[in-house]
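K.L.:
One structure, as structure tokens, below. Some questions next.
The values are calculated or read from the model by the stated rules, or taken from the named source; none is laboratory data. It should be emphasised that the depicted structure is a prediction, and the values quoted were computed from it without experimental measurement. No Cβ is skipped: glycine too gets one built from the backbone with ideal geometry, and neighbour counts run over all protein chains shown. Keep in mind that these areas ignore ligands, DNA and RNA; they rest on the heavy atoms of the full protein, side chains included. Shrake-Rupley method; radii C 1.70, N 1.55, O 1.52, S 1.80 Å.
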Amino acid sequence: MAVSAEQIAAYDHEGFVILENFVNAQDCDRLRAHTEELVRNFDPKGVVSIFSTHEQTRTSDDYFLESGDQIRFFFEENAFLPDGTLRQSKERSINKIGHALHDLDPVFDKFSRTPQIKQLVSDLGIADPLLLQSMYIFKQPNIGGEVTCHQDATFLYTEPLRMLGLWFALEDATIANGCLWAIPGGHNFGLKSRFVRAEGGGTRFEVFDNTPWPEDKLQPLEVEKGTLIVLHPLLPHLSRENRSPRSRHAYTLHVIEASAFYPKDNWLQRSAKMPFVGF
Ligand SMILES: O=C(O)CCC(=O)C(=O)O
């Protein structure tokens, strides 16, 4: 077992579980150093897609929609000056990289496919896992954008709902630098919406329940580097802006059950040449 019975019970009850020291510091540093190299080699010319954490701006963005089986770079919303040039260096302007790092990059593959992660996923009830998506999230100093309150199942939906979100802190995450916040037990509220591919192109939200989140119930999940937070697909969570001088790098991996139905209208799709694979 990679987790104790108490930790599984906490996950079931709260909708998340915090596993300290899940990854050692050297492995976190190795992933960070490798990502620095990816960014150094990335040529931002021509990438006009600015990733916005406010969902409307995500729509109709082919660069984003085609990233399910690619390694793509998305800028912070506040990265640009009014004349379209970068406010800070390229290295300090990228919001995240996604969404197939774990399949296309050997260093991310190694970090994502450890016996310990495989065991954890099995302990939490995913018997035949497929690795769906990966993201390296920078939460840049001073300009790191907010991620509004959401359930991961809105973006990554299966029937039945069989998915886990794995959020690895590659640096200490605090209230000041934009840690995760979650509503304990909020995974019992039911799915509020789905973000789907629209028939005529682009995307849309299919809304089932438009009542606001009880955000007064959010609790900060301040964690140290090397911690893994496991998130239930229905857990409402967010992260606030980072206006501090310190970054808050994190790596996320989402895993689904192979036997669950993965709808064709989920935003994240892959070409037939690159199917989802397991550990
Ligand atoms: O790391 C963050 O700031 C938020 C990540 C998140 O909520 C997500 O990717 O679902």
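K.L.:
Once the Cα atoms of region 1-153 are picked out, what are the Rg and Dmax in Å?
P.N.:
17.4, 55
K.L.:
Using a Gaussian network model on the chain with a 10 Å cutoff between Cα atoms, which of LEU19, LEU81, LEU131 fluctuates the most?
P.N.:
Greatest mean-square fluctuation among the candidates belongs to LEU81.
K.L.:
What is the list of residues in region 175-218 whose amide nitrogen lies under 16 Å from a point 7 angstrom out from the Cα of GLN70, following Cα to Cβ?
P.N.:
Only 202-203 fall inside the zone, counting backbone N under 16 Å.
K.L.:
Provide the FRET efficiency to the nearest 0.05 for the LEU161-GLU199 pair, computing r from the beta carbons and using R0 = 30 Å.
P.N.:
Details: r = 24 Å, r/R0 = 0.79.
Between LEU161 and GLU199 the formula returns 0.80.
K.L.:
Compute and list, largest first, the equivalent-ellipsoid semi-axes of region 79-180 from the alpha carbon gyration tensor, each √(5λ) rounded to a whole angstrom. Provide the component values of the computation, followed by the final result.
P.N.:
Values: eigenvalues 175, 52, 40 Å².
Taking √(5λ) for each eigenvalue gives 30, 16, 14 Å, largest first.
K.L.:
I've got another one for you. Between SER244 and ALA260, 0.36 nm times their residue separation minus their Cα-Cα distance comes to what?
P.N.:
Numbers: separation 16, 0.36 × 16 = 5.76 nm, distance 4.11 nm.
Value of the extension gain: 1.7 nm.
K.L.:
Continuing with this model, one more query. Quick one: with all protein chains in place, what share of the accessible area of region 85-148 is carbon or sulfur, to the nearest percent (1.4 Å probe)?
P.N.:
Carbon-and-sulfur percentage of accessible area, whole number: 53.
K.L.:
Additional query: Hey, can you grab everything whose amide H is under 5 Å from the amide H of GLY15? Only 5+ residues off in sequence or another chain; H modelled, so Pro and N-termini drop out.
P.N.:
Sorted by chain and number, the residues that satisfy this are GLY185.
K.L.:
Sticking with this one: With a point put 7 Å past each Cα toward its Cβ, work out how far MET274 is from ALA25 in nm, to one decimal.
P.N.:
Distance between the two pseudo-spin positions: 3.5 nm.
K.L.:
Along the Cα→Cβ direction, 7 angstrom out, place labels at ARG113 and GLN219. What is the inter-label distance in nm?
P.N.:
In this crude label model, ARG113 to GLN219 measures out at 3.6 nm.
K.L.:
Which whole number in µm²/s is D for the chain by Stokes-Einstein, with the Kirkwood Rh taken over Cα pairs at 10 °C and 1.306 mPa s?
P.N.:
Numbers: Rh = 19.0 Å.
Rounded to a whole number, D works out at 84 µm²/s.
K.L.:
What accessible area per residue comes out for region 160-249, rounded to a whole number of Å², with a 1.4 Å probe?
P.N.:
Working: 3860 Å² over 90 residues.
Per residue, region 160-249 has 43 Å² of solvent-accessible surface.
K.L.:
Here's a follow-up. Could you give me D for region 189-279, from Stokes-Einstein at 37 °C and 0.692 mPa s, where the hydrodynamic radius is the Kirkwood radius over C-alpha pairs? Units µm² s⁻¹, please. Mind showing how you got there, number by number?
P.N.:
Working: Rh = 17.0 Å.
Answer, rounded: 194 µm²/s.
K.L.:
How much length is gained on full extension from MET1 to ASP83, taking 0.36 nm per residue of separation minus their Cα-Cα distance?
P.N.:
Working: separation 82, 0.36 × 82 = 29.52 nm, distance 5.40 nm.
The span from MET1 to ASP83 would gain 24.1 nm if fully extended.
K.L.:
For region 173-230, what does the equivalent ellipsoid look like in terms of its semi-axes, each the square root of 5 times an eigenvalue of the Cα gyration tensor, given largest first in whole Å? Write down the numbers at each step before the final one.
P.N.:
Numbers: eigenvalues 166, 54, 22 Å².
Equivalent ellipsoid of region 173-230: 29, 16, 10 Å, largest first.
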